[in-house]
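Participant: Before we start, here is the structure in question, set down as structure tokens.
Only the coordinates and a few stated rules stand behind these numbers; no lab work does. Note that the coordinates shown come from a computational prediction; the quantities given were computed from them, not determined experimentally. FYI the Cβ positions are ideal-geometry reconstructions off the backbone, even for glycines, and counts take in every protein chain you see.
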């Protein structure tokens, strides 16, 4: 039965049984529930702090975890995937996400895109680590990477105490490995490259004694739907996403396709590919991104409304919900009047927080 929910189109909770079961398992402490957010720099939260710096913590996926925890549903956003293509916004990843420091061992360059941007790659042996210190206590870490014949290995030290190796010299495939820490604590994970080449697609941490909604942010600056459908190699974005296999996927797109003058027909075909992949493992919610400045090339109000219509049609044909932020905020001028707008395309923290509250209400 379709439920009339403000600013949400075609929502039927009976079509989200995998998500409801996943939340129930989290609350009963039976199993984690992986939730993936695919999209642009919008779910990355760019601009949230009135600058690009440190904006990850105010992104709407991070705020979604906050509201879930406040309601008694354990949720974590203690992970990172790729580099978010932050260089496209003139920003280093460590400035965007201060939980991470990058030594000389790993770089994100070239065109090796997987989950959430380019993978972190070590091409020369180095003991200068990429260090990740999550916000919340954990005692287990999963590292995502790529195996290939002749690859090296990643050494993982948790709080300097445990010494584990992610050996990637195997048949070409996406891969992951899980290590345990000595204690449950807020503690650094130091990753080095004793042999090369080796690849980090993402790192995810959790409490082994407590089930959580695991919210993974796969946002990527300048991403169009077509960028996320590439599947030539096992590690390419679409295949890497299938490997992650979330219980629920939120697909936040439109802004960059509009600005790049992608036709609604081509956009619909690419988005359908993503929907089909996501439905193979779980439920799907589309998110039509908020109105952008119509004075930009290709971004007239009429063009933006064609994308709304396109995403509504896909929601109907796939029997999934659409969170319609165009309807919620009406116009770019209205966003500015609300104090939600950072620049022509991004929001401030209050805007991202509003999106998180809307999506959380939908999920519960």
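Participant: GNM, the chain, Cα, under 10 Å: largest mean-square fluctuation among 301, 259, 274?
Facilitator: Between 301, 259, 274, it is 301 that shows the largest mean-square fluctuation.
Participant: Can you sort 155, 289, 204 so the residue with the fewest Cβ neighbours within 10 Å comes first? Before the final figure, lay out each step's value.
Facilitator: Working: 155 19, 289 27, 204 24.
Taking fewest neighbouring Cβ atoms as first place, the list is 155, 204, 289.
Participant: Okay, next question. 222 nm [θ] for the chain, helices only, -39500 (n - 2.57) per DSSP H run of 4+, per residue, to 500?
Facilitator: Dividing the helical sum by the residues of the chain leaves -8000 deg cm²/dmol.
Participant: Could you list 25, 224 so that the one with the fewest beta carbons within 10 Å of its beta carbon is first and the one with the most is last?
Facilitator: In order of increasing Cβ crowding within 10 Å: 25, 224.
Participant: Within a 10 angstrom radius of the beta carbon, how do 290, 346 rank from fewest other beta carbons to most?
Facilitator: Ascending Cβ contact count within 10 Å gives the list 346, 290.
Participant: Is any residue of region 83-117 close enough, with backbone N under 19 Å, to a label point placed 7 angstrom from the Cα of residue 51 along the Cα-Cβ axis, and if so, which?
Facilitator: 86-102
Participant: Over the chain, what is the relative contact order in percent, taking alpha-carbon pairs closer than 8 angstrom and at least six residues apart? Walk me through the intermediate numbers first.
Facilitator: Values: 882 pairs, mean separation 87.6, N = 364.
With pairs under 8 Å counted, the relative contact order is 24 percent.
Participant: Additional query: Rounded to two decimal places and with Rh computed the Kirkwood way over Cα pairs, what is Rg over Rh for region 186-336?
Facilitator: Ratio of gyration radius to Kirkwood radius: 1.03.
Participant: Let me know the volume per residue of the alpha-carbon convex hull for region 92-208, in Å³. Walk me through the numbers before you get to the answer.
Facilitator: On the way: hull volume 11.2 nm³, N = 117.
Dividing the Cα hull volume of region 92-208 by its residue count gives 95 Å³.
Participant: For the chain, what is Rg from Cα atoms divided by 2.2 N^0.38 Å, rounded to two decimals?
Facilitator: 0.95
Participant: Taking only C-alpha pairs under 8 Å that are 6+ residues apart, what is the relative contact order of region 92-208 in percent?
Facilitator: Once normalised by length, the contact order is 34 percent.
Participant: Report, in whole Å, the centroid distance computed from the Cα atoms of region 287-364 and region 140-196.
Facilitator: 38 Å
Participant: Just grab the label-to-label distance for residue 183 and residue 276, each label 7 Å out from Cα along the Cβ direction, in nm (one decimal).
Facilitator: Distance between the two pseudo-spin positions: 5.1 nm.
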